[in-house]
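Written out below as C-alpha coordinates is the structure these notes cover.
The values are calculated or read from the model by the stated rules, or taken from the named source; none is laboratory data. Keep in mind it's a predicted model, so treat the numbers as computed, not measured. Ideal geometry is used to build each Cβ from the backbone, glycine not excepted, and the neighbour counts take in all protein chains shown.
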Amino acid sequence: MSRIRPLIAVVDDEEPVRNAFRRLFRSTGHEVEAFSSGEDFLLSLVEHEPDCLLLDLHMPGLDGLEVQARLALAGSRIPVVIVTGHDQPETRSRALAAGAAAYLLKPVDEETLLASIAAALASAPGSSRITALPPAQTRL
(Lines give C-alpha, C1' and ligand atoms only; values in the text may rest on other atoms or scores of the structure.)
Protein backbone atom coordinates (compact mmCIF):
# COMPACT_ATOMS: atom_id res chain seq x y z
CA MET A 1 0.00 0.00 0.00
CA SER A 2 1.34 3.40 -0.97
CA ARG A 3 1.32 6.34 1.42
CA ILE A 4 0.17 9.76 0.31
CA ARG A 5 2.17 11.54 3.01
CA PRO A 6 5.84 10.71 3.58
CA LEU A 7 6.59 8.76 6.75
CA ILE A 8 9.49 10.13 8.77
CA ALA A 9 11.00 7.96 11.50
CA VAL A 10 12.60 9.87 14.36
CA VAL A 11 15.12 8.05 16.55
CA ASP A 12 16.31 10.02 19.58
CA ASP A 13 16.70 8.92 23.19
CA GLU A 14 15.48 12.28 24.55
CA GLU A 15 11.68 12.40 24.79
CA PRO A 16 11.35 16.21 24.55
CA VAL A 17 13.45 16.18 21.38
CA ARG A 18 11.38 13.34 19.85
CA ASN A 19 8.18 15.21 20.67
CA ALA A 20 9.46 18.46 19.15
CA PHE A 21 10.46 16.72 15.93
CA ARG A 22 7.14 14.85 15.83
CA ARG A 23 5.18 18.12 16.16
CA LEU A 24 7.28 19.84 13.51
CA PHE A 25 6.91 17.07 10.93
CA ARG A 26 3.19 16.63 11.56
CA SER A 27 2.67 20.39 11.17
CA THR A 28 4.19 20.15 7.70
CA GLY A 29 2.02 17.24 6.57
CA HIS A 30 4.29 14.27 7.24
CA GLU A 31 3.42 11.08 9.03
CA VAL A 32 5.79 10.46 11.94
CA GLU A 33 6.90 7.49 14.00
CA ALA A 34 9.21 8.11 16.94
CA PHE A 35 11.55 5.67 18.64
CA SER A 36 13.60 6.05 21.81
CA SER A 37 16.32 3.66 20.69
CA GLY A 38 18.04 2.32 17.64
CA GLU A 39 17.01 -1.19 18.62
CA ASP A 40 13.30 -0.28 18.68
CA PHE A 41 13.59 1.38 15.28
CA LEU A 42 15.35 -1.61 13.70
CA LEU A 43 12.71 -3.97 15.09
CA SER A 44 9.98 -1.84 13.50
CA LEU A 45 11.43 -2.49 10.04
CA VAL A 46 9.96 -5.99 10.11
CA GLU A 47 6.52 -4.40 9.58
CA HIS A 48 7.34 -1.46 7.29
CA GLU A 49 9.99 1.04 6.25
CA PRO A 50 9.79 4.81 6.63
CA ASP A 51 10.47 7.13 3.71
CA CYS A 52 13.23 8.92 5.66
CA LEU A 53 15.04 8.53 8.98
CA LEU A 54 16.03 11.34 11.34
CA LEU A 55 18.69 9.71 13.51
CA ASP A 56 20.44 10.97 16.64
CA LEU A 57 24.06 9.86 16.90
CA HIS A 58 24.62 9.60 20.64
CA MET A 59 22.23 7.18 22.33
CA PRO A 60 22.53 4.38 24.85
CA GLY A 61 22.60 0.93 23.29
CA LEU A 62 23.03 1.13 19.54
CA ASP A 63 24.31 4.56 18.61
CA GLY A 64 23.37 6.29 15.37
CA LEU A 65 26.47 5.13 13.50
CA GLU A 66 25.70 1.51 14.40
CA VAL A 67 22.08 1.88 13.28
CA GLN A 68 23.30 3.41 10.03
CA ALA A 69 25.76 0.53 9.56
CA ARG A 70 23.11 -2.12 10.20
CA LEU A 71 20.78 -0.46 7.69
CA ALA A 72 23.56 -0.54 5.10
CA LEU A 73 24.33 -4.21 5.81
CA ALA A 74 20.66 -5.03 5.32
CA GLY A 75 20.67 -3.25 1.96
CA SER A 76 18.27 -0.57 3.14
CA ARG A 77 17.81 2.46 0.93
CA ILE A 78 16.14 4.62 3.57
CA PRO A 79 17.68 8.10 3.39
CA VAL A 80 19.23 9.07 6.74
CA VAL A 81 19.51 12.57 8.17
CA ILE A 82 21.84 12.67 11.18
CA VAL A 83 21.37 15.04 14.13
CA THR A 84 23.80 15.43 16.99
CA GLY A 85 24.55 17.69 19.89
CA HIS A 86 28.16 16.47 20.04
CA ASP A 87 29.88 17.22 16.76
CA GLN A 88 33.26 15.63 16.15
CA PRO A 89 35.01 15.79 12.78
CA GLU A 90 35.72 12.04 12.64
CA THR A 91 32.10 11.20 13.49
CA ARG A 92 30.84 13.62 10.85
CA SER A 93 33.18 12.06 8.29
CA ARG A 94 32.07 8.53 9.16
CA ALA A 95 28.36 9.39 8.98
CA LEU A 96 28.67 11.16 5.63
CA ALA A 97 30.96 8.47 4.19
CA ALA A 98 28.35 5.88 5.18
CA GLY A 99 25.79 7.72 3.08
CA ALA A 100 24.01 10.16 5.40
CA ALA A 101 21.99 12.62 3.34
CA ALA A 102 22.71 15.39 5.86
CA TYR A 103 24.53 15.95 9.14
CA LEU A 104 22.94 18.61 11.37
CA LEU A 105 23.87 20.03 14.75
CA LYS A 106 21.46 20.44 17.66
CA PRO A 107 19.75 22.70 18.26
CA VAL A 108 18.56 22.26 14.70
CA ASP A 109 17.19 25.18 12.71
CA GLU A 110 13.68 24.14 11.60
CA GLU A 111 14.03 25.44 8.04
CA THR A 112 17.37 23.69 7.58
CA LEU A 113 15.94 20.46 8.98
CA LEU A 114 12.85 20.56 6.76
CA ALA A 115 14.97 21.36 3.70
CA SER A 116 17.30 18.46 4.53
CA ILE A 117 14.38 16.05 4.92
CA ALA A 118 12.81 17.23 1.65
CA ALA A 119 16.14 16.80 -0.18
CA ALA A 120 16.64 13.34 1.32
CA LEU A 121 13.13 12.29 0.26
CA ALA A 122 13.61 13.66 -3.24
CA SER A 123 16.97 11.95 -3.73
CA ALA A 124 15.98 8.54 -2.38
CA PRO A 125 17.05 5.89 -4.93
CA GLY A 126 14.11 4.83 -7.05
CA SER A 127 11.91 7.31 -5.26
CA SER A 128 8.69 8.51 -6.76
CA ARG A 129 7.45 9.54 -3.34
CA ILE A 130 5.61 12.74 -2.68
CA THR A 131 8.00 14.94 -0.71
CA ALA A 132 5.57 17.71 0.16
CA LEU A 133 1.87 18.31 0.11
CA PRO A 134 0.33 21.14 -1.88
CA PRO A 135 0.20 24.30 0.30
CA ALA A 136 -3.56 24.11 0.85
CA GLN A 137 -3.19 20.66 2.42
CA THR A 138 -0.22 21.18 4.71
CA ARG A 139 -2.30 22.31 7.67
CA LEU A 140 -4.03 19.58 9.65
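Things to note:
- Close Cβ contacts (under 6 Å, 6 or more residues apart or on different chains) running from residues in segment 3-17 that are closer than 12 Å to residue 32 by Cβ to residues that are of a type in the set (Val, Ile, Thr) and surrounded by fewer than 22 Cβ atoms within 10 Å (Cβ to Cβ) comprise 8/32.
- Of residues in segment 85-140 being of a type in the set (Asp, Glu) and within 22 Å of residue 69 (Cβ to Cβ), the one modelled with the highest pLDDT: 90
- Neighbours by Cβ (under 6 Å, 6+ apart or cross-chain): first from segment 30-54, farther than 11 Å from residue 12 by Cα; second of a type in the set (D, E, K, R): 30/5; 31/5; 32/22; 32/26; 51/129
- Qualifying residue in segment 93-112 (condition: in contact with a Phe, Trp or Tyr (Cβ under 7 Å, 6 or more places away or on another chain) and either farther than 18 Å from residue 14 by Cα or aromatic (Phe, Trp, Tyr) (or both)): yes
- Those residues of segment 62-82 which are modelled with pLDDT under 95, over 14 Å from the mean Cα position of the chain (by Cα) and not hydrophobic (A, V, I, L, M, F, W, C), in sequence order: 75
- Qualifying residue in segment 26-34 (condition: in a helix (DSSP H, G or I) and not aliphatic (A, V, I, L, M)): yes
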